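Before any comments, here is the structure.
The values are calculated or read from the model by the stated rules, or taken from the named source; none is laboratory data. Predicted model only: the values in this text are computed from it and were never measured. Reconstructed Cβ throughout: ideal geometry from the backbone, glycine too, with neighbour counts over all protein chains shown. Side chains included, ligands, DNA and RNA excluded: accessible areas come from the protein's heavy atoms. Shrake-Rupley method; radii C 1.70, N 1.55, O 1.52, S 1.80 Å.
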Amino acid sequence: MKKSMDSQPQEVRLGLVGLGTVGSGVFEILKNQAVSLEKKTGVRLILQKIAVRSVSKKRAVSVPKALLTTDAMSVALDPRVDILIELIGGIRPAKEIILKALSSGKHVVTANKALLAEAGEEIFTAADANNRKIGFEASVCGGIPIIKSLREGLVSNDISQFLGIVNGTCNYILTRMSQEGCDFKTALVEAQAKGYAEENPALDVDGVDSAHKLAVLARLAFRSAISFKKIYVEGIRGLRREDIGYAQELGYAIKLLAVGKKHPKGLELRVHPTLLPNGHPLAGVRGVYNAVFIHADQAGDQLFYGRGAGKKPTASAVMSDVLDIARRNVSGSQRAKAPRLNFDNKKVLGIEETISKYYLRFQVADKPGVLGMIAKTLGQNEISILSVNQKESHATKSVPVIILTYAAAEKNIRKALKVIDASRGVSEKTIMMRVES
Ligand code: NDP
Ligand code: HSE
């Protein structure tokens, strides 16, 4: 970075890798807010180079051709670049580009939660080894400053648990399905058109993107390296409209939740569709909005809320990291090294070791004895029933029976459902969802 003379702005040179939804938002901020950002921060940002897949592609933003290259690695190696902004996503070649940028003395800003969840320790170790900063505010919850809050605002807190709606695409789809009766496919296409979804939207709807973000959050909240593969993941692809309706009748909303809980024996980390009572702070989070509800021992309960995906909110988070890194260099202040080395390796508990309340929908023959058999089997497995609702059905031979349980061990629920689903009178695999309250 070019040294500033007194009252002269500090010049900081950027290399941008990726000019899609988020990259174009960053480009627009750099273009439209250069003067105001310089006034606010004393930093003059200069965009040196932009790497894309195709130089000839038509773009919503008008970019001087001379800025473009298809050689992303050359941006990582460019000696004029101070901060590399990686916005291509995925593991390869993003990982190599970031590692090369760090080893050639650049700071890095990324929105790549997949990479941080799956190879985070390698990336953070490389940043430490090269004494460079890595900013990743944009990797979780779009425009919400959740990373900074966990790292700085809540630093004196012990965080025992958090619940998050962390995928804008899924929350958009669930909102459209539950409030406007839209079907899953149409809602997904809309989310894609709005720039919310990943390049491969299966990552969104199958819960993997939420699990990536859960890994990033859990690492900071619980100060532990996280083994991503141990996170339990269910998405929303199999969610049926009738279950959304039954849950609504019972006073619940269904959300794709990322759950992080710290227990003496280890961490509970899971992503799955979850019933939340209507009064819960996360139940009313709609559309592309995300929210994270954190229980911290000193500050108490905290709710973070905002747009979780899309061009502008995510570009806002990227720019916050860019200016944070640039500004700290302006003042010459040395941030204390992040205490990552104090992180431990907490065990991630298996899903069968967890305890929840449950929503169970049985599809059963409307005959004497079937409901009794279900109640008996649940009882034999130490599962207490909170409520039972049987629906009338004129159209089919089977009827839905919806049971809400008190807190029960997941291993017992699975054992009971195995017996029940194999019984005469039960016509479909039972739908099981967890309930948070
Ligand atoms: P897009 O698919 O919209 O854009 C990807 C960009 O990367 C394109 O400009 C593409 O070039 C470029 N690119 C891909 N591969 C290469 C390569 N090998 N070399 C050079 N350029 C390449 O992605 P998004 O902007 O949506 O997402 C970017 C990152 O931000 C991802 O990690 C994503 O998970 C994350 N993110 C996205 C959010 C969102 O709301 N979209 C929100 C939060 C995080 P070309 O244009 O020529 O095809
Ligand atoms: N596909 C992601 C989402 C982008 O829908 O939340 C934001 O990380």
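Every condition in (1) farther than 22 Å from TYR232 by Cα; (2) surrounded by fewer than 18 Cβ atoms within 10 Å (Cβ to Cβ) is met by ILE403 except one, and the failing one is (2).
The requirement of being modelled with pLDDT under 95 and more than 16 Å from ligand 2 (Cβ to nearest atom) is fulfilled nowhere in the stretch 94-102; no residue meets it.
Taking the stated definitions as given, is VAL109 β-branched (Val, Ile, Thr), at pLDDT 95 or above and within 11 Å of ligand 2 (Cβ to nearest atom)? It is false that VAL109 is β-branched (Val, Ile, Thr), at pLDDT 95 or above and within 11 Å of ligand 2 (Cβ to nearest atom). Checking LYS397, LYS376 one by one, the residue that is of a type in the set (Lys, Arg), open to solvent by 40 Å² or more (accessible area, probe 1.4 Å) and either in contact with a Lys or Arg (Cβ under 8 Å, 6 or more places away or on another chain) or at pLDDT 95 or above (or both) is LYS376 and no other. Taking the stretch 303-331 as the range and being open to solvent by 20 Å² or more (accessible area, probe 1.4 Å), assigned to a helix (DSSP H, G or I) and within 12 Å of ligand 1 (Cβ to nearest atom) as the test, the residues that pass are LYS311, LYS312, PRO313, SER316. Restricting the first member to the stretch 346-362 and to residues that are more than 14 Å from MET432 (Cα to Cα) and touching a residue at least 40 places away in the same chain (Cβ under 8 Å), and the second to residues that are assigned to a strand (DSSP E or B) and among the aliphatic types (A, V, I, L, M), the beta-carbon pairs closer than 6 Å and six or more apart or on different chains are LYS346/LEU267; VAL348/LEU267; VAL348/LEU269. One residue stands out among those in the stretch 164-183 that are under 28 Å from GLU199 (Cβ atoms) and more than 16 Å from ligand 2 (Cβ to nearest atom): the one that is surrounded by the most Cβ atoms within 10 Å (Cβ to Cβ), which is SER178. Considering only residues in the stretch 134-167 that are out of contact with any helix residue (DSSP H, G or I) (no Cβ under 6 Å at 6 or more places or on another chain) and β-branched (Val, Ile, Thr), the one that is farthest from LEU256 (Cα to Cα) turns out to be VAL155. When each of LEU99, LEU77, LEU47 is tested for being over 26 Å from the mean Cα position of the chain (by Cα) and farther than 17 Å from VAL322 by Cα, the lone residue that passes is LEU77. Can you pull out every residue in the stretch 19-51 that is of a type in the set (Val, Ile, Thr) and open to solvent by 50 Å² or more (accessible area, probe 1.4 Å)? Residues satisfying the conditions are THR21, VAL35.
Residues are listed down the side, and each one gets a yes or a no for (1) in the same structural domain as VAL322 (by TED's automatic domain parsing); (2) open to solvent by 40 Å² or more (accessible area, probe 1.4 Å); (3) near ligand 1 (Cβ under 10 Å from one of its atoms):
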{"residue": "ARG53", "(1), (2), (3)": "yes, yes, yes"}
{"residue": "ASP71", "(1), (2), (3)": "yes, yes, yes"}
{"residue": "SER74", "(1), (2), (3)": "yes, yes, no"}
{"residue": "PRO93", "(1), (2), (3)": "yes, yes, yes"}
{"residue": "ALA101", "(1), (2), (3)": "yes, no, no"}
{"residue": "SER104", "(1), (2), (3)": "yes, yes, no"}
{"residue": "ASN112", "(1), (2), (3)": "yes, no, yes"}
{"residue": "ILE123", "(1), (2), (3)": "yes, no, no"}
{"residue": "ARG132", "(1), (2), (3)": "yes, yes, no"}
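Between VAL259, VAL285, VAL208, VAL233, the distinction of being within 16 Å of ligand 1 (Cβ to nearest atom) and among the β-branched types (Val, Ile, Thr) belongs to VAL208 only. Within the stretch 141-153, the set of residues being open to solvent by 10 Å² or more (accessible area, probe 1.4 Å) and not hydroxyl-bearing (Ser, Thr, Tyr) comprises GLY143, PRO145, LYS148, LEU150, ARG151, GLU152, GLY153.
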